[in-house]
1. Tally Lys and Arg at +1 and Asp and Glu at -1 over the other residues with C-beta under 11 Å from the C-beta of Ile100: what net charge comes out?
2. Of the peptides 86-92, 49-55, how do they stack up when ordered by the mean number of other Cβ atoms within 10 Å, highest first?
3. Extending each Cα 7 Å along its Cβ direction at Leu34 and Gln88, get the distance between those two points in nm, one decimal.
4. Points 7 angstrom from Cα along the Cβ direction at Ser104 and Lys12: gap in nanometres?
5. May I ask you to order 96-106, 72-82 by the average number of other C-beta atoms within 10 Å around their residues, highest value first?
6. For P(r) over Cα pairs in 10 Å bins from 0, in percent, which listed value, [x] 16, 49, 30, 5; [y] 12, 32, 23, 17, 10, 6, 1; [z] 14, 44, 31, 9, 1, comes from the coordinates shown?
Amino acid sequence: MANNIAFQQMGKTVSVAVIGSANTQSNIVTLTALSPCQQYYLSNPDQSNNVYVKISVSSTFNVSLPGTAPDFVIPVPPYSYKVITGPQVSPTANVYAAVIGDGSNAVCYITPGEGL
């Protein structure tokens, strides 16, 4: 359940690198948490390019840029962060994420937790 508190980290931060050009997705990474939570802190340190994040309970999925296919992605503007609510992650339930971007060599950091 989402909480109206400052964001509290409840799992390890993962770094997700965007590979190749704008239409190439990154590798799918596994997110874990020490206790059940369903919010994610998304951070885009790139000063020029958007990144687009997809979080899923399935370890096999595709992700595409907005407008190129019917897909559910969360845009994170350059040099910014967002806290989103998504599928619940816990020590016994993994969640998976992939990131694509407007430019190559983009990166996104994802941290599971609770709060705003």
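1. Details: positive: Lys54; negative: Asp71, Asp102.
Computed value for this residue: -1.
2. Details: 86-92: 16.3, 49-55: 23.1.
My ranking of the peptides, most packed first, is 49-55, 86-92.
3. So the label points at Leu34 and Gln88 sit 2.0 nm apart.
4. Each label point is offset 7 Å from its Cα along the Cβ direction, giving 2.9 nm.
5. On the way: 96-106: 21.2, 72-82: 15.3.
Ranking the peptides 96-106, 72-82 by packing returns 96-106, 72-82.
6. Evaluating P(r) over Cα pairs in 10 Å bins from 0, in percent on these atoms matches [x].
Where a number appears in this text, it was derived from the coordinates with a stated rule and is not lab data. Every value quoted in this text rests on a predicted model; they were computed, and no experiment measured them. Because the Cβ atoms are built from the backbone with ideal geometry, glycine has one as well, and the counts that use them run over all protein chains shown.
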